[in-house]
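Written out below as structure tokens is the structure these notes cover.
The values are calculated or read from the model by the stated rules, or taken from the named source; none is laboratory data. Not measured: the values here are computed from a predicted model. Ideal geometry is used to build each Cβ from the backbone, glycine not excepted, and the neighbour counts take in all protein chains shown.
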Amino acid sequence: MGDLDDLDAFVDAAARRGIRPTTSETYGNGVRKALYRDPDGNEIGVGGGT
């Protein structure tokens, strides 16, 4: 999983290209994670703090 300084900017940029996360989570400590899957089922996760 990658760590980003600005998760919202990454998710927004991906969405502008038609790529939306499969799932997203926010943990109790404020860390957020977005998971993406391609048509073959490969997964990439990106996350960032508050």
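Annotations
- Of note, ARG37 satisfies the criterion of being in contact with an Asp or Glu (Cβ under 6 Å, 6 or more places away or on another chain) and either of a type in the set (D, E, K, R) or on the phi > 0 side of the Ramachandran plot (or both).
- Output for region 1-23, where each listed residue is modelled with pLDDT under 95, assigned to a strand (DSSP E or B) and closer than 21 Å to GLY41 by Cα: GLY2
- Test: ALA14 is among the aliphatic types (A, V, I, L, M), out of contact with any Ser or Thr (no Cβ under 9 Å at 6 or more places or on another chain), loosely packed, with under 12 Cβ neighbours inside 10 Å and without any contact (Cβ under 8 Å) to a residue 40 or more places away in the chain: no
- Residue check: GLY30 meets all listed conditions (1) surrounded by 11 or more Cβ atoms within 10 Å (Cβ to Cβ); (2) small (Gly, Ala, Ser); (3) at pLDDT below 95 but one, namely (1).
- Residue match in region 29-44 (condition: assigned to a loop (DSSP other than H, G, I, E, B), of a type in the set (Lys, Arg) and over 10 Å from the mean Cα position of the chain (by Cα)): no
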